[in-house]
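Chemist: Got a structure here, written out as structure tokens. Questions coming.
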Amino acid sequence: MAVDDIETHKSSVKLSPGQAEAPASGMGSILHSAVSDGAATSVPAAATKMPFGERPACFKNTVQEIGFVFQATNALATGSFFQGASSIITASIGRDLGMTQGEITWITASSALTAGAFQLGLGQLADLLGRRPVFLAGMVSFTAFSLLVAFAQDPFWMDVVCGVVGLCSAMVVPPAIGIMGAAYTQPSKRKNLAFSAFSAGNPLGFVFGSIFSGIATRLFNWRAAFILIAILWALFTVLAIWTIPRVEAFPPEQPFKDRIKIFIKTFDSVGTVLTVFGTGLLTAGITLAPTDGWGAAHIIAMLVIAVLLLVIFVFWERIYSNPLMPPHIWKDRNFTLIILACLPGYMSFISAQFWLSFFMQELQHLSPLDVAVHLLPQAIAGLIYNIIAGSILHRVNNTLLMAFGSLAYITANVLLSVMRPDSSYWRFIFPALIISVIGADFQFNVANMYVMQSLPSHKQALAGGIFNTLFRLGAAVALGASTAVFVSATGTAEAMADPMVPYKKAFQVSVGLSAASFLFLPFIRLGTQGHASQETDTDTGESKKALVDGPS
């Protein structure tokens, strides 16, 4: 999308006079902004009565459409499902394989890291070579390597293969997003429902993964959890062959050899290498530093090289003709601010989930199945909140929804940070679970709807890659940072007297991350999303229909 396209897109966000020039700060400004936007973005009564919408032409029937929406939601949930499944059995795996705390953290962090590091490249690859074949390849490989994890014999095997699993999970997300964005082009209730279901994948995948893992581990052992994942995804792969439509970014008549030539000429291989090694070294350095020492030569080298590679990546993307992360998308102020506001909240969510599961295993001595049962209310609440979020995107100011989500994250993390091993589940963990998922559901619904319209239809997979790259890498960095804090606190005299101290410090990392969202929320100018609106051209005075169902 060219800069002119962004300016056209921005024009669909109607601001009150002087609103953009003098952004306020603080929670009061968020409310003021929301009220101002609400007044400025009022939509005629006729426009708010959305049609349900017709089935996209790429689907042969409604059953196939439902199947695809399920597969797209499942694609977004693939990585987090694996993380959730592994997080509640980390203690069992660690004891069985003789792993250190850093190696245990890498069971989850390695998959998040590779999923984020490779997502941009895979998004561009899907757009250039074909979304459907890349999706199916990802499903098959995820199934195979999940099964391989079940036979791990040592920490190295476990962490490396989990990293490969993360790479496989990254293959399915950009194609799914690309197909969904290209299929649902017209504003309608049908589209809102589809995107609402899709947005539930990330937060709910973690919870359902933990539940399935707990059941399998209780019946057999921790290895059975990964075998169950392989069985489930083998079934999903068979279903995908029928449900995934052929919605590509290239003309259907274009020969494969021509696509290969275009791919070789345009694929940003340099950018891919820079992101993979830059993010990999950064996360590894943060995770290893507490045990190896922040002043160790190899830790300093890893962090310096990582920062250098990421800086080079930014400059490279500005000069390459077909970049992985087009710099112009960041000129859309709302796009940038929404990402910056959502990212720390999601980082806090993943980190808190990991340490909560570990806390229940180690200090409360709960079995994996008991941990899964304790997390079940979050899944139920998440499904309910997601339906609510999908129903109000076009009615309630989305800036308010973002702020409400951030407040929910903070509240949940504060509850976890002040609990004790013998604290009542119903007073601390239960409310924290059902409150935290409010933040995940509301913010993901808002962000997904906006991100999908920030690039044209032929780059929808790339749009999904950008969004999920940042969130997966953020999760890896959050786990690395919280592990660093946890390990640093473990050897102190205070921790020797009170085993809860390291967990408290880890939860406090999540409190700080969730609070960081409020640094950006006051500057977001976002109205409602999910409907077409009538707006007036300020130059001609004529009324025109918005071309996208963006913030109206």
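Chemist: Extension gain residue 57-residue 260, at 0.36 nm per residue separation less the Cα-Cα distance, in nm?
Modeler: Gain on extension, residue 57 to residue 260, equals 70.3 nm.
Chemist: Let me know the Rg and Dmax you get for region 43-166 when you use only its Cα atoms, in Å.
Modeler: When restricted to Cα atoms, region 43-166 yields Rg and Dmax of 19.5, 64 Å.
Chemist: Taking the alpha-carbon set of region 254-400, what are its Rg and Dmax in Å?
Modeler: 21.7, 60
Chemist: What's the center-to-center distance, using Cα atoms, between region 425-451 and region 248-270 in Å?
Modeler: Comparing the Cα centres of region 425-451 and region 248-270, I get a distance of 39 Å.
Chemist: If a/c stays under 1.5 just call it rounded; otherwise compare a/b with b/c (prolate if a/b is bigger, oblate if not). Do that for region 113-215, with a ≥ b ≥ c from the square roots of the Cα gyration tensor eigenvalues.
Modeler: Oblate is the answer for region 113-215, as a/c is 1.5 or above yet b/c matches or exceeds a/b.
Chemist: Can you run phi through the Karplus equation (6.51, -1.76, 1.60; θ = phi - 60°) for region 94-107 and list ³J(HN,Hα) in whole Hz, with x for Gly and Pro?
Modeler: Computed from phi, the couplings for region 94-107 are x, 5, 5, 9, x, 9, 7, 4, x, 5, 5, 4, 5, 4 Hz.
Chemist: Contour minus end-to-end for residue 231 and residue 291, with contour as 0.36 nm per residue of separation and end-to-end as the Cα-Cα distance?
Modeler: Working it through step by step, the gained length comes to 17.9 nm.
Chemist: Moving to a separate point now. So how much accessible area does residue 374 have, in Å² to the nearest 10, using a 1.4 Å probe?
Modeler: Spelled out: residue 374, probe radius 1.4 Å, area about 50 Å².
Chemist: Rounded to two decimals, what is Rg over Rh for region 82-147 when you use alpha-carbon atoms and the Kirkwood radius?
Modeler: Taking Rh as the inverse mean 1/r over Cα pairs, Rg/Rh reads 1.10.
Chemist: Given N residues in region 176-260, what is Rg(Cα) / (2.2 N^0.38 Å)?
Modeler: Relative to the 2.2 N^0.38 Å estimate, region 176-260 comes out at 1.51.
Chemist: Now for a different question. Using the Cα atoms of region 186-335, I'd like the radius of gyration and the largest Cα-Cα distance, Dmax, both in angstrom.
Modeler: 21.8, 58
Chemist: Another question about this same structure. Give the whole-number value, in cubic angstrom per residue, of the convex hull volume spanned by the C-alpha atoms of region 344-448.
Modeler: It is 90 Å³ per residue.
Chemist: Where in region 135-153 is the amide nitrogen less than 19 Å from a point lying 7 Å along the Cα-to-Cβ axis of residue 221?
Modeler: Inside the label zone: 146-153.
Chemist: Net charge within 13 Å of residue 390 by Cβ-Cβ distance, Lys/Arg positive one each and Asp/Glu negative one each, not counting residue 390 itself? Kindly include the intermediate steps, with their values, before the conclusion.
Modeler: Values: positive: 189, 190, 191, 395; negative: 441.
With Lys, Arg at +1 and Asp, Glu at -1, the net is +3.
Chemist: Rounded if a/c is under 1.5, else prolate if a/b beats b/c, else oblate: with a ≥ b ≥ c from the C-alpha gyration tensor eigenvalues square-rooted, which is region 354-410?
Modeler: Numbers: a/c = 6.20, a/b = 2.30, b/c = 2.69.
Because a/c hits 1.5 or more and a/b fails to exceed b/c, region 354-410 counts as oblate.
Chemist: If you roll a 1.4 Å probe over region 336-398 with all protein chains in place, what percent of the accessible area is carbon or sulfur? Show your work: numbers first, answer last.
Modeler: On the way: 1370 of 1880 Å².
The value for region 336-398 is 73 percent carbon and sulfur by accessible area.
Chemist: Let me ask something else. Determine, for each peptide in 57-64, 427-434, the mean count of other beta carbons within 10 angstrom over its residues, then list the peptides with the highest first.
Modeler: 427-434, 57-64
Chemist: Another question, then. Apply 1/(1 + (r/R0)^6) to the Cβ-Cβ distance of residue 488 and residue 186, taking R0 = 35 Å, and write down the FRET efficiency to the nearest 0.05.
Modeler: Taking R0 as 35 Å, the efficiency between residue 488 and residue 186 is 0.10.
Chemist: Give me the Kirkwood hydrodynamic radius of region 318-382, using the inverse of the mean 1/r over all pairs of distinct Cα atoms, in Å to one decimal.
Modeler: Mean inverse Cα-Cα distance, inverted, gives 15.1 Å.
Chemist: Along the Cα→Cβ direction, 7 angstrom out, place labels at residue 426 and residue 153. What is the inter-label distance in nm?
Modeler: Taking the simple label geometry, residue 426 and residue 153 are separated by 5.0 nm.
Chemist: Before I look further, what does region 345-397 give for accessible area per residue, probe 1.4 Å, in whole square angstrom?
Modeler: 32 Å²
The values are calculated or read from the model by the stated rules, or taken from the named source; none is laboratory data. Since the model is a prediction, treat every value here as computed from it, not as a measurement. Note that we place each Cβ from the backbone using ideal geometry, even for glycine, and neighbour counts take in every protein chain shown. To get the accessible areas, we keep the full protein, side chains included, count just its heavy atoms, and leave off ligands, DNA and RNA. Shrake-Rupley method; radii C 1.70, N 1.55, O 1.52, S 1.80 Å.
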